[in-house]
Amino acid sequence: MTRYITIILGLFHFLAGAQHTGKVDFTEGDIHIEITPEKGLIAGKVVYRFKVSEHTDTILVSSRALQISEVTWKGEPLNYQAKGNNLMIIHTFEEGLYEDLVIQYKASPEKAVYFPGFTTTSFSEDPPVVPGEGGKQVWTQGQGKYTSSWVPSFDDMNEKVIYTMEILFPKGYELLASGQFQGKQELEDKTLWKYALKKPVSSYLLAFVGGNYRKMEERSKSGVPLEMYYYPSDSARAETTYVHSAEIFDFLENEIGVPYPWKVYRQVPVRDFLYAGMENVTLTLFSDSFITDSIGFSDKNYVNVNAHELAHHWFGNLVTEESGKHHWLQEGFATYYALLAERELFGEDYYYWKLYNSAIQLIRLSEDGKGEALLDPHAGSLTFYEKGAWALHSLKEKVGVKAFRSGVKEMLTTYGFKNIHTGIFLETLSKHTNADLEEFRSQWLEAPEFPEEEAVRSLKRNKFIRKYIEVHEDDASPVVVYNEYRNLLKEPLYFPLKQMLLERASAWPEKLRDSFWLEALRSDDLYIRQGVAMAADTIPSSLKKSFENLLDDRSYVTIQEALMKLWLAFPDERYGYLERTKDLKGFEDRSLRILWLGLALFAPEYEEDSLRFFEELQSYTGPGWQFETRQHAFEMLFEIGGVTKRSLLNLLQGLDHPAWQFSRFCRTMFDRLVLKPEVRIQLRTIMPELDPALADRLRSKLDSIKLESH
Ligand SMILES: [Zn+2]
């Protein structure tokens with residue numbers, strides 16, 4: 001038996017390798033599915049066309065936990081075996097073109113398709129959907145989670161297919177998918193949505209998203225429709241969130257020198273996204289925590305992610321890495337071109353400041369002996385993204401702007417809709433330059449260490465960075481530098497230098513420090529005032545008035561810092577500070593509101609409202625809120641000792657949340673909480689309300705704690 005299995009497995013591995021050598025090439029795929037979001041169910045079929053270049057007895061298609069019900073070719077059933085992550089179709093195919101290979105299947109994906117708001121956990125006391133918070137959604141994530149979890153497709157990035165999608169979705173929602181919109185058909189209680197790509201893509205780039213959305217539309221200079229989606233409740237914030245979108249698009253088309261390769265570009269925010277954004281072809285999805293109003297914009301915005309995912313539409317979607325070893329060709333390029341777009345919008349100093357910061361991180365990594373080569377397929381994201389961008393920055397300095405641009409352009413036009421590796425990039429570039437690319441390869445791509453010396457030399461070409469480094473290294477006494485620092489505050493220098501000065505002043509003698517800070521608080525520059533808000537640990541009474549004005553600043557970071565610090569420094573004035581900020585919602589993650597509630601619960605003037613405030617605070621732990629909001633609420637409740645049955649149930653619900661960041665947070669929070677005996681008692685009383693599997697897990701967890709404490 002064992003041996004038999006070994007032989008089968010051995011054969012299987014051999015076959016898996018065989019298809020990679022290119023006997024079978026899938027060219028077109030038509031996906032027809034019905035989504036039943038309440039059940040987390042996808043059912044339907046995919047129809048493939050393919051070329052066989054050499055006699056073969058089997059064909060492999062990736063299929064992760066899909067229930068295959070039938071495979072037919074020209075209507076005739078074929079034999080197949082579902083094994084591991086593959087579907088093996090057993091039939092003799094001679095050289096030739098084939099069509100009408102139909103795979104019927106069902107899927108209840110645990111990964112790659114997510115149904116926030118649709119599928120619910122019964123034991124939470126809070127609603128799965130909160131009005132105005134994105135509503136019910138379905139969205140996919142192919143990269144890293146495998147598109148073959150919802151449609152038989154190809155985990156191998158080298159298999160590029162022209163896909164169309166027809167998706168049946170409940171009425172009353174928008175349904176968007178990769179490709180151009182081909183129309184929709186209203187059926188009884190469902191809508192059939194049709195999309196088509198005209199060019200081949202790797203399967204991981206396929207996506208769909210369903211939910212309640214409105215859209216803003218613009219056109220690029222080249223005429224490409226840019227569709228920007230938002231939740232109906234966010235119409236006031238859509239404009240700010242998507243600001244610069246068309247400029248970024250026009251800039252990238254021009255800078256890259258190759259027209260946008262697809263016919264339409266859509267961007268859609270989704271709830272509880274696993275990353276910042278994902279460049280699904282023609283359909284970028286991004287975390288709805290980037291939605292912002294104009295006050296939050298100065299602290300955190302979508303501009304960088306916007307440019308990064310769009311840049312991938314050339315680097316990743318048009319030319320795709322052949323394997324993980326060449327991942328920097330996607331992430332390094334997308335990070336670099338996003339940075340170029342930001343330089344266009346925010347200037348040279350911004351550009352160098354970002355490079356300076358990533359250099360600091362990369363130098364530290366190297367110093368800790370954890371430096372990674374860019375060509376190491378197991379490198380981390382700091383390497384793939386930031387070191388990758390640095391490599392391109394350095395390469396452009398080496399070969400010159402003109403050669404760099406023509407090399408990149410030639411690579412994209414020659415290898416468009418195909419796969420590439422690092423050698424192809426360097427060879428193509430070498431046709432446009434005499435520079436030593438071998439040296440570049442060994443220094444930037446193969447060596448694990450970050451080339452610090454060269455990086456610093458490059459950074460020092462920027463005047464602002466030179467000044468920053470000079471001031472940073474200068475340790476003259478406060479009395480000596482006081483006047484110089486005051487002058488620097490007034491100079492038209494990029495703000496991080498000024499914030500550094502304000503931070504330094506926190507170690508000065510009080511009198512000097514306070515007058516320096518006071519001057520900064522009177523500045524017209526939001527970021528200079530913010531520098532004081534961040535630098536001050538305590539608020540000297542001479543700064544009280546100016547500090548209070550920060551509560552009206554147009555930055556939530558500043559307001560949050562000021563509120564917390566004023567509340568601590570002047571207990572008699574707490575009520576006044578809270579009254580002044582009671583209507584602020586703050587960032588999308590409600591961090592300001594949650595801080596406010598936590599503080600208000602301790603203000604005697606609000607005694608009559610305290611129950612209402614506590615209810616509101618608890619409600620933010622519910623499944624209807626984005627996970628960042630829930631985290632802030634759990635932390636605040638933990639801080640003030642306010643964890644009750646209601647929030648505990650929500651925490652338990654979060655233990656298996658699909659967003660790994662949040663489930664990890666919930667597990668850590670849970671481990672901290674069960675150390676408290678009163679929480680353990682509470683947990684035992686709610687156990688009967690939970691589903692049996694979770695109750696079992698909980699029981700063994702509690703028992704293990706009891707054992708430890710004995
Ligand atoms: Zn990326």
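The values are calculated or read from the model by the stated rules, or taken from the named source; none is laboratory data. Remember, it's a predicted structure, so these values are computed and weren't measured experimentally. Cβ coordinates were reconstructed from backbone atoms using ideal geometry, including for glycine residues, and neighbour counts include every protein chain displayed.
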Condition broken by residue 325, with the remaining ones in (1) within 14 Å of the ligand (Cβ to nearest atom); (2) under 24 Å from residue 159 (Cα atoms); (3) out of contact with any strand residue (DSSP E or B) (no Cβ under 6 Å at 6 or more places or on another chain) satisfied: (1)
From the options 344, 331, residue that is charged (D, E, K, R), assigned to a helix (DSSP H, G or I) and either away from the ligand (no atom under 14 Å from the Cβ) or modelled with pLDDT under 95 (or both): 344
Hits in segment 236-264 (condition: more than 16 Å from the ligand (Cβ to nearest atom) and touching a strand residue (DSSP E or B) at 6+ places or on another chain (Cβ under 9 Å)): 237, 238, 239, 241, 242, 245, 246, 249, 262, 263, 264
Subset of segment 146-192 that is among the β-branched types (Val, Ile, Thr) and out of contact with any helix residue (DSSP H, G or I) (no Cβ under 6 Å at 6 or more places or on another chain) - its residue that is surrounded by the most Cβ atoms within 10 Å (Cβ to Cβ): 151
Test: residue in segment 95-117 that is among the aromatic types (Phe, Trp, Tyr), in a loop (DSSP other than H, G, I, E, B) and either more than 30 Å from residue 615 (Cβ to Cβ) or out of contact with any Lys or Arg (no Cβ under 6 Å at 6 or more places or on another chain) (or both): yes
Conditions (1) in contact with a Ser or Thr (Cβ under 7 Å, 6 or more places away or on another chain); (2) crowded, with 18+ Cβ neighbours inside 10 Å; (3) over 26 Å from residue 145 (Cβ atoms); (4) β-branched (Val, Ile, Thr): number failed by residue 240: (2)
Residues satisfying the stated conditions in segment 342-392, i.e. β-branched (Val, Ile, Thr) and touching a residue at least 60 places away in the same chain (Cβ under 8 Å): 363
Residue that is nearest to the ligand (Cβ to nearest atom), among those in segment 299-322 that are charged (D, E, K, R) and closer than 18 Å to residue 273 by Cα: 309
Segment 135-165, residues that are among the β-branched types (Val, Ile, Thr) and outside any strand (DSSP E or B): 147, 151
Residues of segment 516-541 that turn out to be at pLDDT 95 or above and assigned to a helix (DSSP H, G or I), as a count: 16
Within segment 400-434, tally of residues that are in contact with a Lys or Arg (Cβ under 6 Å, 6 or more places away or on another chain) and either buried (at least 17 other Cβ atoms within 10 Å of the Cβ) or free of Cβ contacts under 8 Å to residues at least 24 places away in the same chain (or both): 1
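What helices (runs of 4 or more DSSP H), lying completely within segment 198-311, carry at least 1 residues that are charged (D, E, K, R) and more than 15 Å from residue 177 (Cα to Cα)?
In segment 198-311, the matching helices (runs of 4 or more DSSP H) lie at 235-241, 245-256, 303-311.
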Test for residue 396: is it more than 16 Å from the ligand (Cβ to nearest atom), charged (D, E, K, R), surrounded by fewer than 22 Cβ atoms within 10 Å (Cβ to Cβ) and part of a loop (DSSP other than H, G, I, E, B): no
